[in-house]
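*Asks:* Sending over a structure as C-alpha cells; questions will come in a sec.
The values are calculated or read from the model by the stated rules, or taken from the named source; none is laboratory data. Just so it is clear, the model here is predicted, and its values are computed rather than measured. Glycine gets a Cβ as well: all are built from the backbone with ideal geometry, and neighbour counts include every protein chain shown.
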Amino acid sequence: MKVFPNPFFRSAVLAVLAAGALTLPGAGVAAAVADTPASAAGDGWSLGVAEVPAPRAPGAKVRTTARIEVLAGQLGQGAAPLQAVSAEQAARQIAGGALDAWVGVWPGDGALPEGVRVSRLVWSAGPMAIMRTDTDIHAWSDLGGRTVCLSADGRVPGELSARFGAIEQIYASAADALLALRIGQCDAAVQDEDFMKQLLAFPEWRKFSAQLAPYRPQALTRLVRDDLSGPRRAAVRQATSPERLRELARQQARDIAFEVYLDQTVPDCH
C-alpha cells in the first residue's frame, strides 16, 4: 500500500482491518454481513430501489455507494439483482407482482394500492451538511453562492441550487465528494444524516465536524406485498432490520473513509 505523507484515517483503516475486511475498500460491508443465516435466505425475493449503480469498469477504483438501501439489497441473502424502480412506480409494481419489496425515499402521495404495506425504516435520509470547523457557514441560507460537494448517487442534486442558491459540484461517488471537501475544493458536503453521523465518529473528521442539521426530515421507507410468502417476508425484514441497517451504516462509513484515505495524496486544505 502506498504510504502518504499525512497519516490520517488511522482509526478507519484499523477498524476495517479489525473487522476482518479485505484490504480493498468496499469489501468491509460484504464481510460484515457474510454470516447472515441461510435459513432466512428466502426463495429469490426481489427488491426495487430508485437507482441501481452501474457495474464497475475493469480497473476502476472501488467505490461504496452512498445509498444504504442499495447495500442492503445487494448483500441480502437470497436477493435477486436489484431493480431500478422510481418511487412513483414502486407501489404499482409491487401490487402487480413485479416486485416483492421496494426501499427508498417514498413521497407517500395518494393511497396505496390494495395488497401493499408501507413501513418507515430506521434511517434518516435527511440532507445533512458538514464543513470545516472554522467555516463561516452557520445556516443553510449561507450556502448561497458557496460550493457544495455532492455525489451522483446522493438524494439532493439540483435541490440545494434551487432552494439556497448553492453552487453544486457533483462527483462520481461519496468518497470523491468528501475528498474534495478535505482538500478545499468546496465549502461543504451533503449526504444522508445517518451516514454523516457515522463518518463524524472517526477522530480524523473532527476538523470537518461543523454541521447543518437537515432542513427537512426524510426517512427511508419500505413497501412490501401483503401476500409475500413467509421465507421471502423474513428475508426482506432481515435485510432492512434496524440492527442490520446500523451495522451496514457503520461499515459503509468505514469503507468510504478508507477510500478517501487511499486517494488523499495531499494534506488537508488549511
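*Asks:* (1) buried (at least 21 other Cβ atoms within 10 Å of the Cβ); (2) over 30 Å from Ala162 (Cα atoms): which one isn't true of Leu220, the others all being true?
*Replies:* Here Leu220 clears every test but (2).
*Asks:* Kindly provide the set of residues from the range 145-165 that are under 21 Å from Val70 (Cα atoms) and without any contact (Cβ under 8 Å) to a residue 24 or more places away in the chain, ordered by number.
*Replies:* The answer is Ala152, Pro157.
*Asks:* Which of (1) assigned to a loop (DSSP other than H, G, I, E, B); (2) exposed (fewer than 15 other Cβ atoms within 10 Å of the Cβ); (3) not assigned by TED's automatic domain parsing to the domain that holds Ala87 does Arg206 not meet, given it meets every other one?
*Replies:* Among (1) assigned to a loop (DSSP other than H, G, I, E, B); (2) exposed (fewer than 15 other Cβ atoms within 10 Å of the Cβ); (3) not assigned by TED's automatic domain parsing to the domain that holds Ala87, Arg206 violates only (1).
*Asks:* Here is a further query. Can you confirm whether Arg232 is touching a helix residue (DSSP H, G or I) at 6+ places or on another chain (Cβ under 7 Å), in the same structural domain as Val62 (by TED's automatic domain parsing) and assigned to a helix (DSSP H, G or I)? Break it down stepwise before answering.
*Replies:* On the way: touching a helix residue (DSSP H, G or I) at 6+ places or on another chain (Cβ under 7 Å): no; in the same structural domain as Val62 (by TED's automatic domain parsing): yes; assigned to a helix (DSSP H, G or I): yes.
No; evaluated as a whole, the condition is false for this residue.
*Asks:* Another question, if that's okay. Could you list, in sequence order, the residues of the range 111-134 that are among the basic types (Lys, Arg) and crowded, with 17+ Cβ neighbours inside 10 Å? Full working, then the answer.
*Replies:* Taking the range 111-134 first, the residues among the basic types (Lys, Arg) are 117, 120, 132.
Within the range 111-134, just Arg132 meets the criteria.
*Asks:* Report, by residue number, each residue of the range 164-202 that is part of a loop (DSSP other than H, G, I, E, B) and out of contact with any strand residue (DSSP E or B) (no Cβ under 9 Å at 6 or more places or on another chain). I'd like the intermediate steps shown before the answer.
*Replies:* Residues of the range 164-202 part of a loop (DSSP other than H, G, I, E, B): 165-166, 172-173, 183-187, 200-202.
Correct list: Gly165, Ile183, Gly184, Ala201, Phe202.
*Asks:* Right, something else. Of the conditions (1) buried (at least 17 other Cβ atoms within 10 Å of the Cβ); (2) not assigned by TED's automatic domain parsing to the domain that holds Phe208; (3) not acidic (Asp, Glu), Ile137 fails just one. Which one is it?
*Replies:* Every listed condition holds for Ile137 apart from (2).
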